[in-house]
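Heads up: the structure comes next, in structure tokens.
Nothing in this text is a laboratory measurement; each read-out follows from the coordinates by a stated rule. Just so it is clear, the structure is predicted and the values come from calculations on it, not from any experiment. We place every Cβ from the backbone using ideal geometry, glycine too, and count neighbours over all the protein chains shown.
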Amino acid sequence: MKNNYDRIADLYDLYVTADYDIAFWRRECAGAGNVLEITAGTGRVTLPLLTDGLRITAVDASYGQLERLRRKAEEKGLTVETVHADMRDFDLGRTFPMVIIPFQSLQEITERCDTTATLRRLRAHLAPDGRAIITLHNPAKQKDADGSALRLIEEYELKNGNRMLFWRSNMYDADARIGTSYQLYEEYDVDGVLHRKRLFTPRYRVFERAEIEDLIAQAGLRITRAWGGYDWSDLTADSCFMIFELRL
Ligand SMILES: C[S@@+](CC[C@H](N)C(=O)[O-])C[C@H]1O[C@@H](n2cnc3c(N)ncnc32)[C@H](O)[C@@H]1O
């Protein structure tokens, strides 16, 4: 079966324009040499790091996303090693001084046992004196998405002159602690005729701080730093993010 992101890989860069975390990753990865980036996607974080001279091994489960990353790197004359793999179960047979899971993508693993498996895979790829950084949303900021109405989020003009309407509704299952984002992409031609409609439904698991800390410990990793934002602020109950530096 195709990865969910393959459905929208050609649209991803159109609607994901965030750059609030780039300065953070550039500073944290500076001097690392080799970086293993898990869930690299189309290279939103990868490309700035490649530009800084880092060697990146980019893992992702979507062929479509990785294809775009490769093409964008090539256009800039940069080289990236891409690996099509599931973060829950992969083995590159080597370790890295820096391993990152950016953009809160660890939360796309919705089963607790799979989160532990992913953290164990991260551990297996971490050099003895290496460091890893993972990022999650702080649940206090994420849980209130329950049952929102379908809303028009954005309108884009496509290269072919067609218009793309992006609609979204978020649901949250409090018992399972799983959120689902129902995203509809409608492409209309110049006559207003619907050309194509796509449904994309990324799911994410919400973790309280204590729960993720417990899973990190179960995977044999130590938390050596914790930040609440990409401005390196302290992690508090009100922080937007939970960013953890991990070591063996
Ligand atoms: C929100 S995107 C983030 C991409 C990129 N890091 C960024 O910041 O734009 C999440 C990415 O995680 C990947 N992904 C989701 N589940 C995965 C899994 N089990 N193993 C590997 N990659 C996965 C998706 O294919 C997608 O490219």
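Between region 82-117 and region 11-54, how many Å separate their Cα centres?
First find each Cα centre; the distance between them is then 16 Å.
What list of whole percents do you get for P(r) of region 144-204, with Cα-Cα distances grouped in 10 Å bins up to the one holding the largest distance?
23, 42, 23, 11, 1
What's the magnitude of the charge dipole for region 79-173 around its Cα centre, counting Lys and Arg as +1 and Asp and Glu as -1 at the beta-carbon? Answer in Debye, nearest 20.
180
Restricting things to Cα coordinates, could you compute the convex hull volume per residue of region 123-246 in Å³?
For region 123-246, the hull spanned by Cα atoms encloses 165 Å³ per residue.
Sequence gap of 8 or more, or different chains, plus Cα separation below 29 Å: how many lysine pairs satisfy both in the chain?
Eligible lysine pairs with Cα atoms under 29 Å apart amount to 10.
Evaluate the distance, in nm, between pseudo-label points positioned 7 Å from the Cα of Tyr63 and of Leu158 along their respective Cα→Cβ axes.
Those two pseudo-labels are separated by 2.1 nm.
Once the Cα atoms of the chain are picked out, what are the Rg and Dmax in Å?
18.4, 60
From the helices alone, meaning DSSP H stretches of at least four residues, give me the mean residue ellipticity at 222 nm for the chain, per-run term -39500 (n - 2.57), in deg cm²/dmol to the nearest 500.
-6500 deg cm²/dmol
Search the structure for amide H atoms under 5 Å from the amide H of His137, placed 1.01 Å from N in the peptide plane, and list their residues when 5 or more places away or on another chain.
Met242
Quick one: Glu211, Glu157, fewest Cβ neighbours within 10 Å first, how do they rank?
Least crowded to most crowded, the residues run Glu157, Glu211.
Kindly provide the trypsin sites (Lys or Arg not before Pro) of region 136-206 that DSSP labels as loop, not H, G, I, E or B, and whose Cβ sees at most 11 other Cβ atoms within 10 Å.
Those that pass, being in a loop and sparsely packed, are Lys159.
Leu246's amide H: which non-local residues (gap 5+, or another chain) put their own amide H closer than 5 Å, with H modeled 1.01 Å from N in plane and none for Pro or chain starts?
Correct list: Ala132, Ile133, Ile134, Thr224.
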